[in-house]
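Accompanying notes for the structure given below.
The values are calculated or read from the model by the stated rules, or taken from the named source; none is laboratory data. Just so you know, these numbers come straight off a predicted model, no measurement behind them. A quick note on method: Cβ atoms are made from the backbone with ideal geometry, for glycine too, and the neighbour counts reach across all protein chains shown.
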Amino acid sequence: MQQQNPIDGNSLSAAYELSRVAVDGYAIQASCRECDEHGAAKLVGVTVSTVRNWRRRRIHLAFYKRGAKVFYRVADCLAFRESGRVEPDLTERS
């Protein structure tokens, strides 16, 4: 089976199946299960300070702590981004 090219930030639903995901120039190995706050911010499409604020308030993204280090599941970040998707209404209007 031929490997697909990296996907853009608008079509992240198939990201799990690709060997490499590129979002805003930030490459994430799809086989990687975790990323840091910088990777999470790129995947979700917000600033690092927004991700830190969400973590402080404990909203939107689940996270893991190992000592002082914080990690996010790539799958959670992609699911959060995909949750904002709005399907177009393809019916003709009169």
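The sole residue among Y64, Y72 that is in contact with a Phe, Trp or Tyr (Cβ under 8 Å, 6 or more places away or on another chain), surrounded by fewer than 16 Cβ atoms within 10 Å (Cβ to Cβ) and without any contact (Cβ under 8 Å) to a residue 40 or more places away in the chain is Y64. The set of residues in region 75-94 that are part of a helix (DSSP H, G or I) and either touching a His at 6+ places or on another chain (Cβ under 9 Å) or not hydrophobic (A, V, I, L, M, F, W, C) (or both) comprises D76, F80, R81, E82.
Is it the case that V86 is surrounded by 14 or more Cβ atoms within 10 Å (Cβ to Cβ), at pLDDT 85 or above and β-branched (V, I, T)? The answer is no for V86.
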